[in-house]
1. With the condition kept exactly as written, say whether any residue in the range A:95-112 is farther than 22 Å from A:ASP133 by Cα, touching an Asp or Glu at 6+ places or on another chain (Cβ under 9 Å) and in contact (Cβ under 8 Å) with a residue 24 or more places away in the chain.
2. Regarding B:LEU187, is this residue touching an Asp or Glu at 6+ places or on another chain (Cβ under 9 Å) and at the interface with chain A (Cβ under 8 Å from one of its Cβ atoms)?
3. Return yes when A:PRO173 is assigned by TED's automatic domain parsing to the domain that holds A:SER274 and touching a strand residue (DSSP E or B) at 6+ places or on another chain (Cβ under 8 Å) and no when it is not.
4. From the list A:ARG9, A:ARG85, pick out the single residue that is within 21 Å of B:CYS230 (Cα to Cα), within 14 Å of another protein chain (Cβ to nearest Cβ), at pLDDT below 95 and touching a strand residue (DSSP E or B) at 6+ places or on another chain (Cβ under 8 Å).
5. Looking only at residues in the range A:357-372 that are assigned to a strand (DSSP E or B) and hydrophobic (A, V, I, L, M, F, W, C), which one is surrounded by the fewest Cβ atoms within 10 Å (Cβ to Cβ)?
6. Return the pair list, or none, for Cβ contacts closer than 6 Å from residues in the range A:334-356 that are surrounded by fewer than 22 Cβ atoms within 10 Å (Cβ to Cβ) to residues that are of a type in the set (Asp, Glu) and at pLDDT 95 or above, at least 6 apart or on different chains.
7. So, in the range B:198-212, exactly how many residues are β-branched (Val, Ile, Thr) and either in contact with a Pro (Cβ under 6 Å, 6 or more places away or on another chain) or more than 10 Å from chain A (Cβ to nearest Cβ) (or both)?
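The values are calculated or read from the model by the stated rules, or taken from the named source; none is laboratory data. The structure presented is a predicted model; accordingly, all values stated were derived computationally and were not measured. Backbone-built Cβ (ideal geometry, glycine too); neighbour counts: all protein chains shown.
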Protein chains: 2
Amino acid sequence: MAFHNLQERVPVTVEITKRIKRLQQGLQAREAGAALIMEKVDLFYFSGTMQHAYLFVPAEGTPLLMVKRDEVRARRESPLDRIVRVGGLKDLPVLINDEFGRIPRSLGLELDVLPVNQYEFLQSLFPGVPFFDAWPVIREVRKIKSAHELAVMVRAGQVAAQVYRSIPGLLIPGRTEMDVAAGMTSLAMSLGQQNMIRARGFNNEMHTWHVVSGRCGAEIGGLDAPFAGCGLSPAFPAGSSFKPIVEGEAVLVDFGICLDGYQVDQTRMFAIGSPPAQIRDAYQALQEIEALLLERVKPGAVCEDFYHFGLDLAAGLGYRENFLGVDGYRIKFIGHGIGLEIGELPFLAPGHRYVLEPGMTFALELKMVFPEHGAVGFENTILVTETGWEKLTAADERFICV
Amino acid sequence: MAFHNLQERVPVTVEITKRIKRLQQGLQAREAGAALIMEKVDLFYFSGTMQHAYLFVPAEGTPLLMVKRDEVRARRESPLDRIVRVGGLKDLPVLINDEFGRIPRSLGLELDVLPVNQYEFLQSLFPGVPFFDAWPVIREVRKIKSAHELAVMVRAGQVAAQVYRSIPGLLIPGRTEMDVAAGMTSLAMSLGQQNMIRARGFNNEMHTWHVVSGRCGAEIGGLDAPFAGCGLSPAFPAGSSFKPIVEGEAVLVDFGICLDGYQVDQTRMFAIGSPPAQIRDAYQALQEIEALLLERVKPGAVCEDFYHFGLDLAAGLGYRENFLGVDGYRIKFIGHGIGLEIGELPFLAPGHRYVLEPGMTFALELKMVFPEHGAVGFENTILVTETGWEKLTAADERFICV
């Protein structure tokens with residue numbers, strides 16, 4: 001029994017087959033024996049299911065999905081042929097040896113997220129087998145989105161646009177940032193929003209409801225972002241707060257949408273009444289900067305160049321001290337890959353000297369901070385095409401005043 | 001600028017001082033040199049701030065909070081005296097050596113959650129310093145809640161009760177599980193719900209909106225729970241789905257609330273019209289089982305005994321095959337610690353032979369699964385007192401039919 005449309009939503013056999021093939025090519029290129037996929041998002045990507053399971057992918061041959069719980073559901077969700085039930089990690093060596101006739105000569109693990117205790121347990125299970133970090137191989141596979149994945153992201157963009165259309169009706173003087181975020185969240189959930197943004201990495205907790213008004217936009221905080229917002233408390237020091245939204249303030253809405261696992265990011269500006277002129281001018285500057293950056297988005301463009309070009313453009317428009325954060329707190333990227341997780345390739349950031357390729361998707365995060373008036377942001381999720389780019393986010397781009 | 005009440009919400013100096021002291025006693029007991037706290041929830045617990053920072057706690061002496069971002073906010077949120085800004089992990093050895101005159105003789109890290117790559121980087125930074133798992137020490141400190149923490153949990157329980165009172169108004173035939181979850185989420189956010197449940201550990205993603213109706217309650221899934229619900233898609237295979245709620249079905253609502261970092265868990269049953277008699281009877285049985293288990297809740301009671309006693313009680317009432325899940329998928333705990341994270345001590349589970357102590361808080365998760373009619377649940381968050389127990393969750397305990 002499942003109330004979602006499996007035909008449409010589960011990656012079909014051909015999709016999974018291609019992904020596994022690319023992973024195996026990556027393993028072969030580094031003369032590795034196998035990879036053991038444990039992180040749930042990678043697991044979903046390569047198997048089609050996110051049940052509690054371990055996916056063993058040999059460099060050559062048929063992968064084995066070992067399901068701890070629940071095997072029935074995993075079989076329904078995954079197109080893989082070779083699925084067995086397993087009691088736990090401890091049973092893997094015997095099972096792998098039984099199925100493949102030997103233990104792999106080396107084993108790739110997701111060392112960017114796998115905790116030390118589990119790693120050491122795996123070392124005790126596979127004595128003498130060298131482990132290596134499989135994440136660099138995995139992320140190379142995941143960085144190019146298929147037509148199937150893009151179709152889901154387009155739908156996520158449509159839902160996001162619908163949710164953004166509700167914002168003017170939610171902006172009532174005296175309501176708090178949280179009230180607006182709550183209204184958006186409710187609508188988004190009814191439309192299929194997972195209500196959870198997945199971000200790769202330790203401590204990388206994410207949430208979807210950045211409704212930030214007035215000087216809360218100048219609150220910096222621990223996030224790797226130009227500003228964090230006030231948040232609810234020191235235990236949740238980011239995003240919306242109980243600050244009431246008042247007339248004449250800038251209201252920034254950066255509300256991620258996640259549909260069927262795939263995420264899009266989008267930022268727009270709003271105000272009750274008329275926002276400060278400084279903020280309105282800055283928003284227009286960000287739109288100009290986006291247009292000039294997008295002119296360069298095409299296969300072959302070097303990722304880190306966008307960061308430097310963006311900084312130059314902002315400086316030329318008089319925003320050197322505000323763009324991507326205030327001095328001392330400026331962030332080191334202008335765009336990040338997005339898809340199943342935030343933190344995928346590509347990063348438009350210094351040191352990222354690889355080039356854009358067709359099928360890459362990234363959020364172009366154009367933000368400024370003004371200590372007096374708060375934050376300004378303009379952000380879209382961009383697909384790199386064969387000849388240029390397309391926007392996957394489609395909310396009205398005007399500065400909307402109600 | 002902060003729109004929450006810091007006086008009330010930030011643990012005051014005396015609170016943090018006591019926690020640090022207990023951690024240091026734990027370090028001394030194992031003759032360790034120091035602990036380096038990196039996980040954001042532990043960091044909040046021991047420093048009062050959740051900014052991007054590292055907390056170095058020597059076995060004796062004053063701890064050092066090294067803040068990567070944002071130092072200004074960390075100083076405002078944390079009552080610690082010794083706070084410095086740091087560029088990143090790489091700067092820790094020099095900084096610690098400067099501040100303490102030496103590198104610690106051993107260093108505790110949160111090895112249950114710390115990823116391998118960061119561990120190996122720390123090994124390169126502190127060559128020759130033995131590392132050990134600090135989590136067993138930390139969780140011993142965190143397992144006893146202070147009066148301050150309990151006051152926050154009581155408020156979370158009050159918010160939870162208010163959110164549960166909205167459920168009858170949301171139960172309209174034809175609305176989906178997600179619609180009901182969305183309505184609850186919106187209200188909860190307006191009341192200060194973080195809209196995120198924190199659960200300790202790798203892959204332990206949590207969400208708050210378990211509204212599960214009819215046979216979706218018999219959907220098992222990868223969660224370490226008697227059932228998972230249908231969820232939205234294979235990329236989010238747990239919790240509420242787009243299944244419409246119809247008259248005569250059992251509707252289980254397990255909606256966690258997180259306020260100022262502290263969580264409470266609570267499950268109640270609802271129906272439009274009249275639920276199946278089997279479900280109603282089972283709910284009554286769960287209430288009897290809770291009452292009999294609570295009679296034994298007091299300091300000194302052995303945690304694992306509750307699991308076995310609960311199974312015996314359920315069997316005696318004729319529910320051996322349903323209690324805590326169906327055969328082959330029965331879960332191995334009847335209660336779990338709760339506070340800043342799900343996954344704290346105590347666990348009421350086989351092998352957990354330690355005893356209850358005053359100040360412990362746990363969710364008593366009484367659930368049954370019926371393949372034909374779905375899930376039944378009755379759950380409260382319980383505080384162990386000097387003489388017995390108190391409930392921190394207060395929603396109406398009747399089976400509510402609208």
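1. no
2. Working: touching an Asp or Glu at 6+ places or on another chain (Cβ under 9 Å): no; at the interface with chain A (Cβ under 8 Å from one of its Cβ atoms): yes.
When the stated conditions are applied, B:LEU187 does not pass them.
3. Numbers: assigned by TED's automatic domain parsing to the domain that holds A:SER274: yes; touching a strand residue (DSSP E or B) at 6+ places or on another chain (Cβ under 8 Å): yes.
Criteria met by A:PRO173.
4. On the way: A:ARG85 fails: at pLDDT below 95.
After applying the criteria, what remains is A:ARG9.
5. Taking the candidates together, the pick is A:PHE370.
6. A:PRO350/A:GLU304; A:HIS352/A:GLU304; A:ARG353/A:GLU304
7. From the range B:198-212, those β-branched (Val, Ile, Thr) are B:208, B:211-212; that's our starting set.
Narrowing the set further to residues that are either in contact with a Pro (Cβ under 6 Å, 6 or more places away or on another chain) or more than 10 Å from chain A (Cβ to nearest Cβ) (or both) leaves B:211-212.
Here the count works out to 2.
Quick grid of which residues meet (1) more than 17 Å from B:GLN194 (Cα to Cα); (2) surrounded by fewer than 23 Cβ atoms within 10 Å (Cβ to Cβ):
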{"residue": "A:ALA182", "(1), (2)": "no, no"}
{"residue": "A:GLY201", "(1), (2)": "yes, yes"}
{"residue": "A:SER213", "(1), (2)": "yes, no"}
{"residue": "A:CYS216", "(1), (2)": "yes, no"}
{"residue": "A:ALA235", "(1), (2)": "no, no"}
{"residue": "A:PHE242", "(1), (2)": "no, yes"}
{"residue": "A:ILE245", "(1), (2)": "yes, no"}
{"residue": "A:VAL251", "(1), (2)": "yes, no"}
